[in-house]
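All remarks here apply to the structure that follows.
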Amino acid sequence: MEFNSKMGILQLLKSQFVLHLLMVYVFMASGIIVNLLQICTLPLWLVNKKLARKVNVRLGYCIMSQIVAVLEWWSATECTLYTDPESYPLYGNENAIVVLNHNFEIDFLCGWTFCDRFGVLGSSKVLAKKELAYVPVIGWMWYFLEIVFCKRKWEEDRQTVAESLQNLHDYPENFWFLLFCEGTRFTLKKHKLSMQVAESKGLPKLKYHLLPRTKGFWVTVQNLRGNAAAVYDSTLNFRNNEAPSLLGLLNGKKYHADLYVRRIPLDTIPEGEAECASWLHKLYQEKDSFQEHYAQTGKFPGPIKSPPRRPWSLIIWIFWFCLLLFPLFRVFAQLAHSGSVLTILTTVALCIAVSLVARWMIGQTEINRGSSYGNAKVSINNN
Ligand SMILES: CC/C=C\C/C=C\C/C=C\C/C=C\C/C=C\C/C=C\CCC(=O)SCCNC(=O)CCNC(=O)[C@H](O)C(C)(C)COP(=O)(O)OP(=O)(O)OC[C@H]1O[C@@H](n2cnc3c(N)ncnc32)[C@H](O)[C@@H]1OP(=O)(O)O
Ligand SMILES: CCCCCCCCCCCCCCCCCC(=O)OC[C@@H](O)COP(=O)(O)O
C-alpha cells in the first residue's frame, strides 16, 4: 500500500511539465556546449584525425546518453535482448551493419540503448535522411560523428553515400551502422502502397513491414566489406501492443521493448546488386515471420541474453544538471530581484522559444508528423 502510494507520487512528479522544461533546458544547453566543443576539434582533424574522432565520439556520448538516460533511468523502460549466446561476446567488439524494422517512434532510441550497453553509443552510425542534419544539437553533433546522410534520391545518393562509407574504413572505434531499409516509418497507407509494389515485382507480401528498399543496403554492404564483420538482423517489438513515444518517456511511462538479433557474417551476403536485393527481400520475409511469432506468443524465437543497463548515462545526466541548474537559478533570482518587466518578458519569451524548438525536435520522431515519402506511387522498374 505504502509502496504503491510512493510509486504514485513518483509517477505524478515525473509527469510535471516544469520538470520536463528543466530537462529540455539541460539537454539544449549541454548540447550547444558540446556542439561548440565539437567545432573546437576542427583544427585537431588537420593534425591528428584519429584523436579528433575519438574526442568526438566521447562528446557525442555526452548528448546521446541523456536521451538514453530518460529511457533507462527516468522511465525505467525494460529492454530485453533475444539472441544466440555464441554471438553475444562479439557484440560491441566488431563493426557491424544493423538492419532494424521501422515501426515505432522510439525505435532509434532502443537502438541507442543497446549501443550504450555494448559500449558503442558514441560511435554509432546511421543512414539518415538529410533533413535530420538540420535538427539542432543532434543533427549538428552527427556532422562531427560522420553520420551518413541521404536525400532518398538514388541518383544523388549512390555516390555520396558510397564516399561517406568509404571514409569509415580507418575509423578508430568499433561502430554499428544502422539501416532502416524500409526507408520510412510504417503506416497503413505506406504499407498498402508498398505491398502493391511488392505484388508488381512478384514478391510475397509482408504483414508487418514495408517492402525494403534494397539499394542503400547493397551500397552499404559493398562499401563496408572488409570493415564490418557482420549484419545484425534486428527485429523490435513492444509487449502488450504498447505504442511508445518520446513524450510518454518524458512523462515517466515505462515500456517493455523486446529485440531479436541474429548475427549474419557479412561474407555470406551476395556481392551482385540483384542477388543482394533478393537476399534482403528474403530477410524481410523472415523478419515478418518473427513478428508473426511475436504476435502469436508474445515472444521472439531464441534465448534471452540481456545486457544490463550501465550507470554512465545517468552519471553524465546528473553531472549536466549539477553544472547547468545552478547558473539558471541564479539568473532567475537576479531577474526577480531586478524587477525589470522587459528583462522578465524577454526571459519568458526565450524559455517559450526553447521549448517550442524542443517540441519540434520531438515531433521529428512522431509517426503522425512523418513525411509523405513512401506515400506516393513511384515508377516501378521490374528489372
Ligand atoms: C545487439 C544489438 C543490435 C542492434 C541494436 C540496434 C540498433 C542500434 C544501431 C545503431 C544506432 C544508431 C543510430 C540511431 C539513431 C538515430 C536514427 C535516426 C534516424 C534515421 C531514420 C531515417 O532517416 S530513415 C530514412 C533514411 N534511410 C533510408 O532511406 C534507408 C533505406 N533506403 C534506401 O536504401 C534507398 O534505396 C536509398 C535511400 C538509398 C535511395 O532512395 P530512393 O527513394 O531513391 O529509393 P529507391 O531507389 O530504393 O526507390 C526505388 C525503388 O523502390 C521501389 N519502390 C517504389 N515505391 C515503393 C514503395 N512505396 N515501397 C517500397 N519500394 C518502392 C521501386 O520500385 C524501386 O525499386 P528497384 O527495384 O528499382 O530498386
Ligand atoms: C534529456 C531530455 C530530452 C529532452 C527532449 C529533447 C528532444 C530530443 C529530440 C531527439 C530528436 C532525435 C532526432 C532523430 C530521431 C530520428 C527520427 C526518425 O526516426 O525519423 C523518422 C524517419 O526515419 C522517417 O521519416 P519520414 O519517412 O517520415 O520522413
Study note, to complete from the structure: The size of the Cβ-based charge dipole (Lys, Arg +1; Asp, Glu -1) of region 117-224 about the Cα centre, to the nearest 20 debye, is 760 debye
Practice item. Taking the Cα centre of the chain as origin, work out the dipole magnitude from +1 charges on Lys and Arg Cβ and -1 charges on Asp and Glu Cβ, in debye rounded to 20. Key: 640 debye
Revision key, fill the gap. Mean projected area (nm²) from the convex hull of Cα positions in region 279-381 is 13.6 nm²
Exercise for review: Round to a whole angstrom and tell me the spacing of the C-alpha centers of region 91-106 and region 1-70.
Suggested key: 21 Å
Review point. By what distance, in whole Å, do the Cα atoms of region 143-200 stretch along each of the three principal axes, largest value first?
Key: 43, 24, 19
Point to revise | region 150-208, accessible surface, carbon-and-sulfur percent (1.4 angstrom probe) | key: 52 percent
Exercise for review: Step through the residues of region 145-155 one at a time and calculate ³J(HN,Hα) from phi using the Karplus curve (6.51 cos²θ - 1.76 cosθ + 1.60, θ = phi - 60°), rounding each to whole Hz and writing x for Gly and Pro.
Suggested key: 9, 6, 5, 9, 9, 9, 8, 6, 10, 3, 4
Check your understanding: Looking at region 93-209, how many pairs of lysines come closer than 15 Å at the Cα, when each pair is eight or more places apart or spans two chains?
Key -> 11
Study note, to complete from the structure: Quick calc: nm separation of the 7 Å Cα→Cβ label points for residue 347 and residue 329 -> 1.4 nm
Review point. For region 76-131, what value does the Rg/Rh ratio take when both radii are computed over Cα atoms and Rh is the Kirkwood radius, given to two decimals?
Key: 0.96
Check your understanding: Which value, to two decimals, describes the C-alpha radius of gyration of region 34-154 once divided by 2.2 N^0.38 Å?
Key -> 1.13
Review point. Given H placed 1.01 Å from N in the peptide plane, which residues other than close sequence neighbours of residue 148 have an amide H under 5 Å from its amide H?
Key: 126, 128
Practice item. Mind pulling the per residue volume of the convex hull built on the Cα atoms of region 225-315? Å³ is fine. Key: 154 Å³
Revision key, fill the gap. Result for region 1-102: accessible area per residue, probe 1.4 angstrom, in square angstrom, of 48 Å²
Check your understanding: Pulled fully out, how much extra length does the chain show between residue 134 and residue 171, if you take 0.36 nm times their separation in residues and subtract their Cα-Cα distance?
Key -> 10.9 nm
Review point. Using every alpha carbon pair in region 1-81, what percent of pairs falls into each 5 Å bin from 0 up to the bin containing the largest distance?
Key: 3, 12, 15, 17, 13, 12, 10, 7, 5, 3, 2, 1, 0
Revision key, fill the gap. In the chain the DSSP beta bridges are antiparallel at a rate, in percent to nearest 5, of 30 percent
Revision key, fill the gap. Residue 297 and residue 33 label points (each 7 Å along its Cα→Cβ direction) are spaced in nm at 4.8 nm
Check your understanding: Over its Cα atoms, what ratio of radius of gyration to 2.2 N^0.38 Å does the chain give?
Key -> 1.04
Point to revise | Pair residue 160, residue 268: separation of 7 Å Cα→Cβ label points (nm) | key: 3.5 nm
**Study point:** Carbon plus sulfur fraction of accessible area for region 241-383, probe 1.4 Å, in percent
**Key:** 65 percent
Study note, to complete from the structure: Share (percent) of C-alpha pair distances in region 76-221 greater than 25 Å works out to 34 percent
Practice item. Kindly state, to the nearest 0.05, the FRET efficiency for residue 239 paired with residue 6, given R0 = 25 Å and r defined as their beta-carbon distance. Key: 0.55
Review point. Which value, in Å², gives the accessible area per residue of region 228-383 when a 1.4 Å probe is used on the protein heavy atoms?
Key: 57 Å²
Study note, to complete from the structure: If the chain between residue 322 and residue 143 were fully extended at 0.36 nm per residue, the gain over the current Cα-Cα distance would be 61.7 nm
Revision key, fill the gap. Counting only protein heavy atoms and leaving out ligands, DNA and RNA, the solvent-accessible surface of residue 315 at a 1.4 Å probe, in Å² to the nearest 10, equals 90 Å²
Revision key, fill the gap. Once phi for every residue in region 250-257 is put through the Karplus expression 6.51 cos²θ - 1.76 cosθ + 1.60 (θ = phi - 60°), the whole-Hz ³J(HN,Hα) values, with Gly and Pro written as x, are 4, 7, x, 6, 8, 10, 10, 9
Exercise for review: Obtain the radius of gyration and the Kirkwood radius of region 167-292 from its C-alpha atoms and give Rg over Rh.
Suggested key: 1.00
**Study point:** Karplus-derived 3J(HN,Hα), 6.51/-1.76/1.60, for each residue of region 159-173, Hz, glycine and proline x
**Key:** 7, 5, 5, 4, 5, 4, 5, 4, 4, 7, 5, 10, 5, x, 10
Study note, to complete from the structure: In whole percent, the fraction of accessible protein surface over region 22-75 that belongs to carbon or sulfur atoms, probe radius 1.4 Å, stands at 80 percent
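The values are calculated or read from the model by the stated rules, or taken from the named source; none is laboratory data. This one's a predicted model, so the numbers in the text were calculated from it and none came from an experiment. Reconstructed Cβ throughout: ideal geometry from the backbone, glycine too, with neighbour counts over all protein chains shown. The protein model used for the area step is the full one, side chains on, heavy atoms only, and it has no ligands, DNA or RNA in it. Shrake-Rupley method; radii C 1.70, N 1.55, O 1.52, S 1.80 Å.
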